[in-house]
Amino acid sequence: MSIAFILLQQIITMFLLVSVGYLMFRCKKISPEGSKSLGNILIYLSLPCVIIKSFLVERTGEALKGLLISALAAALVLAVSILISRIFFKKDPIAGFASAFSNPGFFGIPLITASISEGAVFYIAAFIAFLNMLQWTYGVSILTADKKKEKGGAPLISVKKIVTAPFMVAIIIGLFFFLSGLKMPAILNSCINFIAGLNTPLAMFTIGIYLAQTDIAAMFRRKSLYLVSLVRLVIIPVVSFGLLCLMPGVNTELRLALLIASACPVGSNVAVYAQLHDQDYPYAVETVVISTMFSLITIPLLMQLAYLCW
């Protein structure tokens, strides 16, 4: 099964789920306040469970080495992503957030499973964990910078905020079970799997709700959206590709998994965080929709380049 076909399936699935949220809002079955509650469920419950679940694998010497290398590579790729997005969108926090952070959970995991192997998904566990932690800290910091400046403060990221972030708690829990080798009780493991499974449909429903409040015709006329897509889908993945080529001791599966995670379209969390912090969330939704459409072209091309070189 080709990457293009897998990606097309994911995009069709995404837009079907988005349509459900869109219709629910249009039929007045979900209110704007209700969508904000869905956002809280995503940020404080389902996403942390996704992180914990990604670490619940058997600890072996090879797995531990793979985790350490993938964590280092993920940190480097995400740092470069933030730097590039900062260069292009210093005065546009929504675009800066959107271009810096991809959507490895919804798009990356199915692509990695189908095109590499199910075991290769473990290599993006650290990427997903770091990405969510950075969204919670750096992402929120740039979204709320103007408000903090109005109050006379600097948009700083506090240590307390990092330590108490739901994603940091999830990382600690996940690492505990992975490093200790202890098995999570079956009932608790089953519960986490169920809650983690809510992540994708809830995120897509929320995007649909936001899209129902957006002028779709105007969306396609907004030039900044195409620049966000260029940075997110082309510039950052190409630079990430170069960095992964230069890293020694990295196996091909790990390289491919991280490249796919880096090449995914804008993550839906940008819209959730934008709404939770009273920012322009319709604009955030537009970055998700437009970049997702273009990813049908960019990801297969990038992966063909990777297969030729690796």
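Residue-by-condition table, conditions (1) in a loop (DSSP other than H, G, I, E, B); (2) hydrophobic (A, V, I, L, M, F, W, C):
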site: Met204; (1), (2): no, yes
site: Gly208; (1), (2): no, no
site: Gln213; (1), (2): yes, no
site: Ser224; (1), (2): no, no
site: Leu227; (1), (2): no, yes
site: Val234; (1), (2): no, yes
site: Ser240; (1), (2): no, no
site: Cys245; (1), (2): no, yes
site: Pro248; (1), (2): yes, no
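Checking each residue in the range 41-62 for being in a helix (DSSP H, G or I), modelled with pLDDT under 90 and loosely packed, with under 14 Cβ neighbours inside 10 Å picks out Gly61, Glu62. Could you check how many residues of the range 266-290 are of a type outside the set (A, V, I, L, M), in contact with a Ser or Thr (Cβ under 7 Å, 6 or more places away or on another chain) and at pLDDT 95 or above? Result for the range 266-290: 1.
Restricting attention to the range 250-280, and to residues there that are assigned to a loop (DSSP other than H, G, I, E, B) and not acidic (Asp, Glu), which single residue is farthest from Ile128 (Cα to Cα)? Checked the range 250-280; the qualifying residue farthest from Ile128 (Cα to Cα) is Gln279. A residue that is crowded, with 17+ Cβ neighbours inside 10 Å and touching an Asp or Glu at 6+ places or on another chain (Cβ under 6 Å) occurs somewhere in the range 221-239. Each residue in the range 67-92 was checked for being farther than 14 Å from Ala125 by Cβ and touching a Gly at 6+ places or on another chain (Cβ under 9 Å), and 6 pass. Tell me, yes or no, whether the range 272-282 has at least one residue that is within 15 Å of Phe89 (Cβ to Cβ), surrounded by fewer than 24 Cβ atoms within 10 Å (Cβ to Cβ) and of a type in the set (Gly, Ala, Ser). Taking every residue of the range 272-282 in turn, none turns out to be within 15 Å of Phe89 (Cβ to Cβ), surrounded by fewer than 24 Cβ atoms within 10 Å (Cβ to Cβ) and of a type in the set (Gly, Ala, Ser).
Of all residues in the range 216-243, those that are more than 30 Å from Leu254 (Cβ to Cβ) and in contact (Cβ under 8 Å) with a residue 24 or more places away in the chain have Cβ atoms under 6 Å from Cβ atoms of residues that are of a type in the set (Asp, Glu) and part of a helix (DSSP H, G or I), 6 or more apart or on another chain, in Met219/Glu286; Leu225/Glu286.
Checking each residue in the range 94-121 for being within 24 Å of Leu276 (Cα to Cα) and under 10 Å from the mean Cα position of the chain (by Cα) picks out Ala98, Ala100, Phe101, Ser102, Asn103, Pro104, Gly105, Phe106, Phe107.
Take Gly174 and tell me if it is part of a loop (DSSP other than H, G, I, E, B) and in contact (Cβ under 8 Å) with a residue 60 or more places away in the chain. Considered against the rule, which asks whether it is part of a loop (DSSP other than H, G, I, E, B) and in contact (Cβ under 8 Å) with a residue 60 or more places away in the chain, Gly174 comes out as no.
Return the residues of the range 173-212 that are among the hydroxyl-bearing types (Ser, Thr, Tyr) and more than 25 Å from Asn269 (Cβ to Cβ); say none if nothing qualifies. Ser180, Ser190, listed by residue number. Candidates in the range 172-209 are the residues that are of a type in the set (Ser, Thr, Tyr) and within 30 Å of Thr287 (Cβ to Cβ); of these, the one that is farthest from the chain's Cα centre (by Cα) is Thr206. Hey, does the range 134-145 have a residue that's under 26 Å from Pro300 (Cα atoms), in a helix (DSSP H, G or I) and among the aliphatic types (A, V, I, L, M)? Checked the range 134-145: no residue is under 26 Å from Pro300 (Cα atoms), in a helix (DSSP H, G or I) and among the aliphatic types (A, V, I, L, M). For Leu182, the conditions (1) of a type in the set (A, V, I, L, M); (2) surrounded by 16 or more Cβ atoms within 10 Å (Cβ to Cβ); (3) not in a helix (DSSP H, G or I) all hold with the exception of (2).
When the residues of the range 119-133 are filtered to those that are at pLDDT 90 or above and of a type in the set (Val, Ile, Thr), the one that is nearest to Ile6 (Cα to Cα) is Ile124. Taking the range 283-310 as the range and being of a type in the set (A, V, I, L, M) and surrounded by fewer than 21 Cβ atoms within 10 Å (Cβ to Cβ) as the test, the residues that pass are Met293, Leu296, Ile297, Leu301, Leu305, Ala306, Leu308. Of all the residues in the range 25-37, those that are modelled with pLDDT of 90 or more and either in contact with a helix residue (DSSP H, G or I) (Cβ under 7 Å, 6 or more places away or on another chain) or surrounded by 15 or more Cβ atoms within 10 Å (Cβ to Cβ) (or both) number 2.
If you go through the range 74-118 and pick out every residue that is part of a helix (DSSP H, G or I) and modelled with pLDDT of 95 or more, you end up with 23.
The values are calculated or read from the model by the stated rules, or taken from the named source; none is laboratory data. Treat the numbers as computed from the prediction; the structure is a model and nothing was measured. Heads up, the Cβs are rebuilt from the backbone with ideal geometry, glycines too, and the neighbour counts pull from every protein chain shown.
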